Amino acid sequence: MISLRHVTTTFAATRGRGPVTAVYDVSLEVGRGRIQGIIGFSGAGKSTLLRNINLLERPSSGEVQVGDTVLTGLGDEGLRRARHQIGMIFQGFNLVNNLTAAQNVELALKFAGVRDRAVRRRRAAEALEIVDLSGKASAYPAQLSGGQKQRVAIARALAPEPEVLLCDEPTSALDPFTTASVLQYLADVNREFGITVVIVTHEMEVIKALADDVAVMEDGRVVERFGAQDLLSGSFDPATSIGRYLVSDGISVDRRPATDVESTAQSEALLEVVR
């Protein structure tokens, strides 16, 4: 469904700083109907790579294909039409504050070229129903919780009936309970509508809960790929620190009291520093 071939994205030099390559020679295939997780620490290039898929950030080189369409070969008008099949959910919700939830969803349909107002209203209502927000259709963003805002954003992305849904850190501003709720909605739309989902995150639990396939990014490169089922095999030996964390039990902190020997060694080291 999605094919990235040798994609590189370099940002031009800025004052006092040379050119920065955020994505370097990445090739990645995402199958139709799959949920692809892309994980990495801050600055790894994962959000830039996600924006390369719909060309919100046009790659400096390489090829991006979604379905049967090579997006990097399109002009502005062709790309605008092709993007109607690619929904996107942002970290910061990006709702228009002076529009209701329903009007925010309708806005995506206006941009998609749906001119019939009755059709826009019907499809906006259907999209809000999918995320269980029919009762909040007339509410403004300021009247919604963070989780409800993100669900409106999901409805907005679903309203044009896309084949692909791109998610850029969609749960990073949410509490754990709300995160679980949002992830369940993403899983539901993937299962019920066959939408291919690509989710970028630095949250390990999100990847464990949702992804079918995992790509690990470091310094602009995809350095490891594996299936989510590998994490449960018991024999999988990841090559990266992120991969090893994913097969572990999570965060672990050593709270054992130091032994007398360790205390003595630490004291001597401290004395050396003071001296």
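The values are calculated or read from the model by the stated rules, or taken from the named source; none is laboratory data. Keep in mind it's a predicted model, so treat the numbers as computed, not measured. Because the Cβ atoms are built from the backbone with ideal geometry, glycine has one as well, and the counts that use them run over all protein chains shown.
When K136 is tested against the conditions (1) among the basic types (K, R); (2) closer than 19 Å to V197 by Cα; (3) surrounded by fewer than 24 Cβ atoms within 10 Å (Cβ to Cβ), the lone failure is (2). Can you find a residue that is among the hydroxyl-bearing types (S, T, Y), touching a helix residue (DSSP H, G or I) at 6+ places or on another chain (Cβ under 8 Å) and over 27 Å from Y24 (Cβ atoms) anywhere in segment 128-138? The answer is yes; a qualifying residue exists.
Given the structure, is V182 among the β-branched types (V, I, T), farther than 30 Å from D68 by Cβ, touching a residue at least 24 places away in the same chain (Cβ under 8 Å) and touching a Leu at 6+ places or on another chain (Cβ under 8 Å)? Yes: the conditions hold for V182. On inspection, I2 qualifies as closer than 18 Å to A215 by Cα and either at pLDDT below 95 or among the hydrophobic types (A, V, I, L, M, F, W, C) (or both). Just for segment 143-156: of the residues that are among the hydrophobic types (A, V, I, L, M, F, W, C) and either touching a helix residue (DSSP H, G or I) at 6+ places or on another chain (Cβ under 7 Å) or part of a loop (DSSP other than H, G, I, E, B) (or both), which one is surrounded by the fewest Cβ atoms within 10 Å (Cβ to Cβ)? Filtering first and then ranking leaves L144. Looking at I195, I242, just one residue is under 20 Å from the mean Cα position of the chain (by Cα) and either at pLDDT 95 or above or over 20 Å from I38 (Cβ atoms) (or both), and that residue is I195.
The single condition among (1) aliphatic (A, V, I, L, M); (2) modelled with pLDDT under 85; (3) crowded, with 18+ Cβ neighbours inside 10 Å that M217 does not satisfy is (2). Only one of the listed residues (R32, R58, R80, R51) is under 25 Å from Y185 (Cα atoms) and surrounded by fewer than 18 Cβ atoms within 10 Å (Cβ to Cβ). That residue is R32. Does L166 fit the bill of being under 15 Å from the mean Cα position of the chain (by Cα), within 30 Å of R115 (Cβ to Cβ), part of a helix (DSSP H, G or I) and in contact (Cβ under 8 Å) with a residue 24 or more places away in the chain? Against the criterion (under 15 Å from the mean Cα position of the chain (by Cα), within 30 Å of R115 (Cβ to Cβ), part of a helix (DSSP H, G or I) and in contact (Cβ under 8 Å) with a residue 24 or more places away in the chain), L166 does not qualify. Being within 22 Å of the chain's Cα centre (by Cα), outside any helix (DSSP H, G or I) and buried (at least 17 other Cβ atoms within 10 Å of the Cβ), is that true of even one residue in segment 123-132? Yes, segment 123-132 has at least one match.
I'm trying to understand the selection: among the residues of segment 209-224, which are more than 14 Å from the chain's Cα centre (by Cα) and free of Cβ contacts under 8 Å to residues at least 60 places away in the same chain? Of everything in segment 209-224, those that are more than 14 Å from the chain's Cα centre (by Cα) and free of Cβ contacts under 8 Å to residues at least 60 places away in the same chain turn out to be V223, E224.
Under the condition of being in a helix (DSSP H, G or I), without any contact (Cβ under 8 Å) to a residue 24 or more places away in the chain and more than 11 Å from A112 (Cβ to Cβ), the residues counted in segment 66-85 number 7. hydroxyl-bearing (S, T, Y) and outside any loop (DSSP other than H, G, I, E, B): does that describe T179? Answer is yes for this residue.
Going through (1) in contact (Cβ under 8 Å) with a residue 12 or more places away in the chain; (2) within 30 Å of K149 (Cα to Cα); (3) of a type in the set (D, E, K, R) one by one, E63 falls short only on (2). There is at least one residue in segment 99-114 that is modelled with pLDDT of 95 or more, crowded, with 18+ Cβ neighbours inside 10 Å, of a type in the set (V, I, T) and not in a helix (DSSP H, G or I).
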